[in-house]
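Taking it in order: structure first as structure tokens, then the write-up.
The values are calculated or read from the model by the stated rules, or taken from the named source; none is laboratory data. Since the model is a prediction, treat every value here as computed from it, not as a measurement. Cβ: placed from backbone, ideal geometry, glycine included. Neighbour counts: every protein chain shown. Surface areas here come from the heavy atoms of the whole protein model, side chains and all, with no ligands, DNA or RNA. Shrake-Rupley method; radii C 1.70, N 1.55, O 1.52, S 1.80 Å.
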Amino acid sequence: MAALAPLSVALLVAVTIGLAAAILAWRERPEPGATWLAVLLAGQVWWATFLVFELEAATLPAKALWYDVQWVGVVAIPVGWLFFALSYTGYHRYVTRFSVALVSVIPVATVAVAAAGDPGDLLAVDRVVRETAVGTFLDIAPGPLYYVIAGYTYLLGAVGSVPLLQLIRDDARPFRGQSAALLIGTAAPWAGSVAYLTGAIPVPGLDPTPIVFAVSGVTYLFALSRFRLLTLAPAPRRRARQLVFEQLHDPVFVVGAEDLLVDLNESASETFGIDRRAAIGERAGAIVPRYDAVRELDGERGSPRPMSIVGRDGQRPYEVTIRDVVDDHDRTTAKVIAFHDVGAYLGQQQRLNVLNRVFRHDVRTETNLILGYAERLRADATDERALAIIEESAGRMLELSERTRTAGELFDPTEEAKSGALPDVVDEVVADARDLDPDARIETGRVPDVTVSSVLRVVLENLCSNAVRHNDTETSWVRIDAAVADGWVEVTVADDGPGIDPAEYDVLDRGTETPLRHGSGIGLWIVKWGVDHLGGRISFAEREPRGTTVTVSVPIDESVTGKPSSDEGR
Amino acid sequence: MANEPTRPSTPDGTAEQQRSILTTRRALRGVAAFAAGAPFTAVVAAVEVAVATAALGVPRSTAPVAVGLVAFAVYAADHVADAEGDAASTPSRARIALRYGDQLMTAAAVSYGVAVALAVRAGPAALALVCVPGAVWIGYASDWLPTLGDVLAPPGEVSVPRLKDVFLLNSAAVALAWAVAVVAAPLAFGGVAVDAVGAPTVALLFAYVAVRSFVDVEVPNVRDVAADAARDVATLPVVYGVGRTRRVLLGVDALAAGLLAALAGTGTASRPALVALAAGLAVSVAVTALADRLDGATLGVAPDCSYLVAGTVLLALGW
């Protein structure tokens, strides 16, 4: 065999390095981008290989044949580059069978034209063999399709470079290195191509693009080994960040500068029952819960305070945090509004405060009372009044102790959530109240057959026992009514007693007690905690001529399947 | 050697010396295990092509180098890919493959790249030829075929196995791939047409190399019988037992002898090459006969040594 042309030697070096890099890239499958990098490198090797054959061929037809075969590699390169860049940088969703097929239309058409013998001189209007100092080339005068595929190649190359250029500015050094190596590896053949198309190469017919593939192969090999190109790809980061946003337990909204909703996560969609597709693009005020109050918080920039919001799980207290999304020029482009459910935390804090008060104040008061009257008994063992007061006081302490235990059990996280039919719950509550006062007139209205949490039983039991116990009439009267609407059940407990001191409501409303302002006992707190626990609401109203109406609204328990949860309102 | 006893250091440095000797021995064993793997196969392949070049009477070319490089690439890649499975049968080699997997793969990739570059220089036929072992390896050892099967047919209905896991077809595929490479490479790299040598000569040499390669593949399986059975890889010794395998392989060697005689009968093959091939065949018969009595390491290299014997004889006869 005759000695090779110097250019052929350079091309063989490109083949060796390119093929080695292609095999190593192929080996890294299914790492993001591995397959497409192998396609890109295989395209380069193909082009260089058949260019050697073209250079070594002696006749014009033989050279033309190998020239046409090269198109397979030529068109594979930009397709491989584009999809490699997208896969590698985490834009997997753009790499689909459809997008690959769509992007491949022009390349496949080009190969088809070349395979068909270039009918109509679409690729080359003229082909001549040129003897030069560096080899014998097939010099072609480009046809219209040549310019189309060249432009298309540049377009795909530019699009693929965009996500890689973003990595150049990345904080992580390996990704900067990878990105730089990839861009150099791709820019080198482009520079060769531009030089060829602009006529900057002094040798007529010499397209240096495939020769410079040796540079590409070396940089890709360098990126593969030194910067762990495919074993440390940035692709998962993008998906991971997306996952954190999507799977975050807290509901999060992203509101653009024009107060239009830009995004919301799955938790926001589920918690507040928002149709995500329909919501994006809408005004934030119409979608974000209590948006006006949230905006005020943003203006104040003060410490966050809880705000009650009714969601799918009932009414919960949320602490709202707002963060600005700032672009590279320090301009605020959006706000991220995160709702953090602080119900459990607040409830725990309240319970600790109340139990602390019970021990410091109520138990101490009763103990002092017992000690005082016990002293009087010592002086006069026949003092019946002292004995009666001691017994009453001890009874109140026993009751307090029982209620404290109930409160503890109510919120025990290890207790399995139980539920039952509302009519059964009401019957049990009525029976307990009759045990307390057999003479009491206890009426029940129509009670719908819905399933409710067993916590509601504790709530109603406390309300009824309070109504009976604190009634100052001769025959106490209590009435229980219930109604269902929109997945909620509303239970009303009315009595004809002396009424509840408004100071008690006030303390419950504020949620905190102070040494001077506190409730009496623990019964109403159990009612409030139980209703909060269920995500419900409670309201108090005075009755005419006397008495109180307490209304408790809680969501129907829909966790129980196989049983109709309501017979009304559905 | 994790349990190797450590001696207390003494002023005369005895312990250090001892450790140094042990380290050197370990390193030498590692080098030997590596050399007995892909590099040995590459040398054997190169010698095979050289003997075939002589047998066909075609001009010398870069074919032995290219085929040797391809052999190194394919076997190194295979050893890395199956390192965990090979741990029972060839522990030293598997250890190297696991520890230096990346470096071995880089060496294999560069080897294949150089082989392809040599083939490109030799022309399209040579290029097509060096692509054959790579393509066969992809179908033989990688999960490409099963994956393709899953894409074409719904998973669960039809499962396409790796060629490596199909009884007899695995050995036959390897034998045919090497026969193609060994016989066609001298022609393709030398730019010689089949007709110029004589089609019967080429066909007989091809058949000879194929049946000999089949024996070379199955003999080491006697050593791997336990590991292959554990992995559900069906080989002759796994399916028929060692005794019957030996008889079958001796029969195949007899067939090879017949093919060699027929090759000599054509009158076109060079005499020194025929003598060299006959010497190699004699070694092969001896190794096959002793298959169940040789230790594992010897059995791994002995069948291929027959080609080294053939190459030495060829050189001795002045080729």
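If the condition is being without any contact (Cβ under 8 Å) to a residue 60 or more places away in the chain and touching a Ser or Thr at 6+ places or on another chain (Cβ under 7 Å), then segment A:78-123 contributes only A:VAL95. Beta carbons closer than 6 Å, at least 6 apart along the sequence or on distinct chains, pair a first residue in segment B:265-276 that is farther than 17 Å from B:TYR307 by Cβ with a second that is hydroxyl-bearing (Ser, Thr, Tyr) and assigned to a helix (DSSP H, G or I) for B:THR266/B:THR201; B:THR268/B:THR201. Within segment A:87-97, is there a residue that is modelled with pLDDT under 90, within 10 Å of another protein chain (Cβ to nearest Cβ) and either part of a helix (DSSP H, G or I) or farther than 25 Å from A:LEU167 by Cβ (or both)? No: segment A:87-97 contains no residue that is modelled with pLDDT under 90, within 10 Å of another protein chain (Cβ to nearest Cβ) and either part of a helix (DSSP H, G or I) or farther than 25 Å from A:LEU167 by Cβ (or both). Among the residues of segment A:95-110, the one identified as more than 17 Å from A:GLY73 (Cβ to Cβ) and open to solvent by less than 30 Å² (accessible area, probe 1.4 Å) is A:SER99. The set of residues from segment B:188-206 being part of a helix (DSSP H, G or I), away from chain A (no Cβ under 14 Å) and either open to solvent by less than 30 Å² (accessible area, probe 1.4 Å) or among the acidic types (Asp, Glu) (or both) comprises B:ASP195, B:VAL197, B:THR201, B:VAL202, B:LEU205.
Rundown of residues vs (1) more than 9 Å from chain B (Cβ to nearest Cβ); (2) crowded, with 23+ Cβ neighbours inside 10 Å; (3) not in a helix (DSSP H, G or I), yes/no style:
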| position | (1), (2), (3) |
| --- | --- |
| A:VAL15 | no, yes, no |
| A:LEU19 | no, yes, no |
| A:LEU40 | yes, yes, no |
| A:TRP47 | yes, yes, no |
| A:LEU51 | yes, yes, no |
| A:TRP66 | no, no, no |
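For segment A:53-64, which positions are facing another protein chain (nearest Cβ under 9 Å) and either closer than 22 Å to B:ALA108 by Cβ or not charged (D, E, K, R) (or both)? Answer for segment A:53-64, where residues must be facing another protein chain (nearest Cβ under 9 Å) and either closer than 22 Å to B:ALA108 by Cβ or not charged (D, E, K, R) (or both): just A:PHE53. Between B:ARG95, B:ARG99, the distinction of being open to solvent by 20 Å² or more (accessible area, probe 1.4 Å), away from every other protein chain (no Cβ under 13 Å), free of Cβ contacts under 8 Å to residues at least 12 places away in the same chain and not hydroxyl-bearing (Ser, Thr, Tyr) belongs to B:ARG99 only. Residues that are modelled with pLDDT of 85 or more, of a type in the set (A, V, I, L, M) and assigned to a strand (DSSP E or B) do occur in segment A:493-506. Any residue in segment B:269-283 that is modelled with pLDDT of 80 or more, within 26 Å of B:ALA66 (Cα to Cα) and in a loop (DSSP other than H, G, I, E, B)? Yes, segment B:269-283 contains a residue that is modelled with pLDDT of 80 or more, within 26 Å of B:ALA66 (Cα to Cα) and in a loop (DSSP other than H, G, I, E, B).
For A:LEU297, state whether it is more than 18 Å from A:ILE322 (Cβ to Cβ) and either in contact with a Leu (Cβ under 7 Å, 6 or more places away or on another chain) or in a helix (DSSP H, G or I) (or both). Give the steps one after another, and end with the answer.
Numbers: more than 18 Å from A:ILE322 (Cβ to Cβ): no; either in contact with a Leu (Cβ under 7 Å, 6 or more places away or on another chain) or in a helix (DSSP H, G or I) (or both): yes.
No: the conditions fail for A:LEU297.
Somewhere in segment A:160-172, is a residue among the basic types (Lys, Arg), outside any loop (DSSP other than H, G, I, E, B) and open to solvent by 40 Å² or more (accessible area, probe 1.4 Å)? No, segment A:160-172 has no match at all. Per the listing A:ALA440, A:ALA386, the residue uniquely among the small types (Gly, Ala, Ser), at pLDDT 85 or above and farther than 30 Å from A:TRP477 by Cβ is A:ALA386.
A quick yes/no check of all residues on (1) part of a helix (DSSP H, G or I); (2) within 14 Å of chain B (Cβ to nearest Cβ):
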{"site": "A:PHE222", "(1), (2)": "yes, yes"}
{"site": "A:ALA233", "(1), (2)": "no, no"}
{"site": "A:ARG239", "(1), (2)": "yes, no"}
{"site": "A:HIS249", "(1), (2)": "no, no"}
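Please determine, by comparing only the residues of segment B:103-123 that are polar (S, T, N, Q) and more than 8 Å from chain A (Cβ to nearest Cβ), which one is surrounded by the fewest Cβ atoms within 10 Å (Cβ to Cβ). Explain how you work it out, then say what you get.
The first filter runs over segment B:103-123 and keeps only residues polar (S, T, N, Q), leaving B:103, B:106, B:111.
Pick out the ones that are also more than 8 Å from chain A (Cβ to nearest Cβ) and you get B:103, B:111.
On the way: B:GLN103: 13, B:SER111: 25.
Among those that are polar (S, T, N, Q) and more than 8 Å from chain A (Cβ to nearest Cβ), it is B:GLN103.
For segment A:68-86, taking the residues that are over 15 Å from A:GLY18 (Cα atoms) and open to solvent by 20 Å² or more (accessible area, probe 1.4 Å), the one that is farthest from the other protein chains (Cβ to nearest Cβ) is identified as A:LEU86. Checking each residue of segment B:53-71 against the condition of being more than 9 Å from chain A (Cβ to nearest Cβ), free of Cβ contacts under 8 Å to residues at least 60 places away in the same chain, buried (at least 21 other Cβ atoms within 10 Å of the Cβ) and under 15 Å from A:THR16 (Cα atoms) gives at least one match.
Filter segment A:24-35 down to the residues that are part of a helix (DSSP H, G or I) and surrounded by fewer than 24 Cβ atoms within 10 Å (Cβ to Cβ), then identify the one that is farthest from the other protein chains (Cβ to nearest Cβ). Break it down into steps so the answer makes sense when it comes.
If we filter segment A:24-35 for residues that are part of a helix (DSSP H, G or I), which is where we start, we get A:24-27, A:34-35.
Imposing the further condition that a residue be surrounded by fewer than 24 Cβ atoms within 10 Å (Cβ to Cβ) reduces the set to A:26-27, A:34-35.
Numbers: A:TRP26: 9, A:ARG27: 6, A:ALA34: 13, A:THR35: 12 Å.
Across segment A:24-35, the extreme among qualifying residues is A:ALA34.
Does segment B:227-240 contain at least one residue that is in contact (Cβ under 8 Å) with a residue 12 or more places away in the chain, open to solvent by 30 Å² or more (accessible area, probe 1.4 Å) and of a type in the set (Val, Ile, Thr)? Yes - at least one qualifying residue is present in segment B:227-240. Evaluation of A:LEU11 against the conditions (1) at pLDDT below 90; (2) facing chain B (nearest Cβ under 10 Å); (3) closer than 23 Å to A:GLY160 by Cα shows that the sole unmet condition is (3). In segment A:351-375, the residue that is nearest to A:THR404 (Cα to Cα) out of those that are among the basic types (Lys, Arg) and in contact with a Pro (Cβ under 9 Å, 6 or more places away or on another chain) is A:ARG357.
Assess whether A:ASP486 counts as being of a type in the set (D, E, K, R) and either within 23 Å of A:LEU436 (Cβ to Cβ) or at pLDDT below 80 (or both). Answer is no for this residue.
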